Amino acid sequence: MPIRTTEPAPAAEVAAVDRGGDPAARARRTERARNWARRAPLLPALVFLVIVTQLPFVATVVISFTRWNALAPENRGFAAFDNYRAVFTDPAMRASVGTTVLLTVTVVLVSLLLGLGLALLLDRGFRGRGIVRTLLITPFLVVPVASALLWKHALYNASYGLLNGSLTWIWRLFGSDDPPQPDWMTDSPLAAVEVSLIWQWTPFMMLILLAGLQSRATDAIEAARMDGASAFDIFRYLTLPHLRRYLELAALLGTVYVVQNFDAVFTITSGGLGTANLPYTIYQTFYQAHDYGRASAQGVVVVLCSLLVATFALRTVSSLLREEVTR
């Protein structure tokens, strides 16, 4: 029997397939082109973001593995994990961790409670609510250094501050010429920093919780009122469960920002009297001790811890967005 051989495909057919004759392949290429067309305008911003944020962080990580002190330039070299070992064994660093935790927990919790109360107040209708809302937001818009200077000189100052001036006026109303004149920044240094930060961050918490209150389903609240539920019962069984995600988001975002706070500590107490937190300790290591390697290791540790908190914050934001989409 004659053997039947397969003839090769004509060159024209091969060329047609190579040029995209297959509809499925052509559709895939078109979809890829459209995706790149949508993403191309974002590339300059992405490149700029990488240059501004990621390259300095990579340089910080590299420096953290070096032995680099400006006061001993001849002793410069590779230090492996010595800087990280020093970070976790340094008593000053451990003390600053405790101060940072105490400062952050106090500021976030008190700001959350005050912000919740103000949000509940602004959720009600009353005359002048827009003006009151603007005034309550104002502390968050003040520059942090200006806010710290305001509290240090206009309020806390023992000689001419508003707090001691108010005590003098009150005591004189009752006929006393010997009012107490405490030195707030010396007697309660950490509390002085905490109060200034609470004043600054309460409006931030209020805005997030107010947004949560205004996203409630009004029909459920009206039904509860018609069934005879009290205001406390509505708050406990309807409002508070609805605000759970918003409370988590506000607490996580507040934690990320307060952990990194440097302005209030530097301006009000200069890190003295047990108020040095992690950012101020890194500042001391870098600018006063000139130990660039150890300061970089401290910065890397703080960034990694902040990323853990930020991860939970992003998950909370994602869950909120999913809930809004499914409504």
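The values are calculated or read from the model by the stated rules, or taken from the named source; none is laboratory data. Note that the coordinates shown come from a computational prediction; the quantities given were computed from them, not determined experimentally. Counting neighbours? That spans all protein chains shown, and the Cβs are built from the backbone with ideal geometry, glycine included. Protein only, heavy atoms only, side chains kept; ligands, DNA and RNA dropped before computing areas. Shrake-Rupley method; radii C 1.70, N 1.55, O 1.52, S 1.80 Å.
Here are some notes:
- With the simple model of a label 7 Å out from the Cα in the direction of the Cβ, ARG124 to ALA95 spans 4.8 nm.
- Residues whose amide H lies under 5 Å from that of ARG67, counting only those 5 or more places away or on a different chain, are GLY77, PHE78, ALA79; hydrogens are built 1.01 Å from N in the peptide plane.
- Legend: calculated FRET efficiency, ALA217 to LEU314, from the Cβ-Cβ distance at R0 = 30 Å, rounded to 0.05, equals 0.70.
- Reciprocal mean inverse distance between Cα atoms of the range 118-199 - Kirkwood radius, Å: 15.0
- Accessible surface, per residue, of the range 29-122 when the full set of protein chains is kept, probe 1.4 Å, Å²: 67
- Dividing the summed helix terms, -39500 (n - 2.57) for each DSSP H run of n ≥ 4, by the number of residues in the chain produces a 222 nm estimate of -21000 deg cm²/dmol to the nearest 500.
- Global geometry of the range 183-324, whether rounded, prolate or oblate, following the gyration tensor of its Cα atoms and the 1.5 cut on a/c: oblate
- Sulfur and carbon atoms: percent of accessible area, the chain [1.4 Å]: 67
- Calculated FRET efficiency for the pair ASP22/CYS305, C-beta based, R₀ 56 Å, to 0.05: 0.60
- Probe 1.4 Å, accessible area per residue of the range 235-318, Å²: 46
- Centroid-to-centroid, using Cα positions, the range 259-273 and the range 51-126 are 13 Å apart.
- For peptides 92-100, 210-218, sequence by mean Cβ density within 10 Å, most packed first: 92-100, 210-218
- Among TRP68, TRP199, TRP171, residue whose mean-square fluctuation peaks in a GNM of the chain (springs only between Cα atoms under 10 Å): TRP171
- The heavy atoms of PHE235 present about 50 square angstrom of accessible area, all protein chains included, probe 1.4 Å.
- Take the Cβ atoms of ARG38 and VAL142, set R0 to 30 Å, and the FRET efficiency comes out at 0.15.
- Degrees, to the nearest 10: 23-39 long Cα axis against longest axis of the chain: 30
- Largest GNM mean-square fluctuation among ILE131, ILE282, ILE198, using the chain with Cα springs under 10 Å: ILE131.
- Using Cβ point charges alone (K and R +1, D and E -1), the dipole size of the range 241-327 about the Cα centre works out to roughly 280 debye.
- Dipole of the chain, positive end: most advanced residue of ALA86, LEU43, LEU102 [Cβ charges, Cα centre]: LEU43
- The angle between the Cα long axis of helix 292-326 and the longest principal axis of the Cα atoms of the chain comes to about 70 degrees, rounded to the nearest 10.
- Solvent-accessible area per residue, Å², over the range 140-198 with all protein chains present [probe radius 1.4 Å]: 59
- For the range 236-252, 3J(HN,Hα) computed residue by residue from phi via the Karplus equation (6.51, -1.76, 1.60; θ = phi - 60°) reads 6, 9, 10, 5, 5, x, 5, 7, 4, 5, 5, 5, 4, 4, 5, 5, 5 Hz, glycine and proline entered as x.
- Mean-square fluctuations from a GNM of the chain, with a 10 angstrom spring cutoff on Cα atoms, peak among ALA86, ALA276, ALA251 at ALA86.
- Length available on full extension from ASP177 to LEU46: 0.36 nm per residue minus the Cα-Cα distance, which gives 40.6 nm.
- Net charge contributed by nearby residues that have their C-beta within less than 10 Å of TRP171 (K/R +1, D/E -1): -1
- Charge sum, other residues only, whose C-beta stays under 13 Å from SER64's C-beta, Lys/Arg counted +1 and Asp/Glu -1: +1
- Net charge dipole, the chain: roughly 1100 debye, given to the nearest 20, about the Cα centre with Cβ charges of +1 for Lys and Arg and -1 for Asp and Glu.
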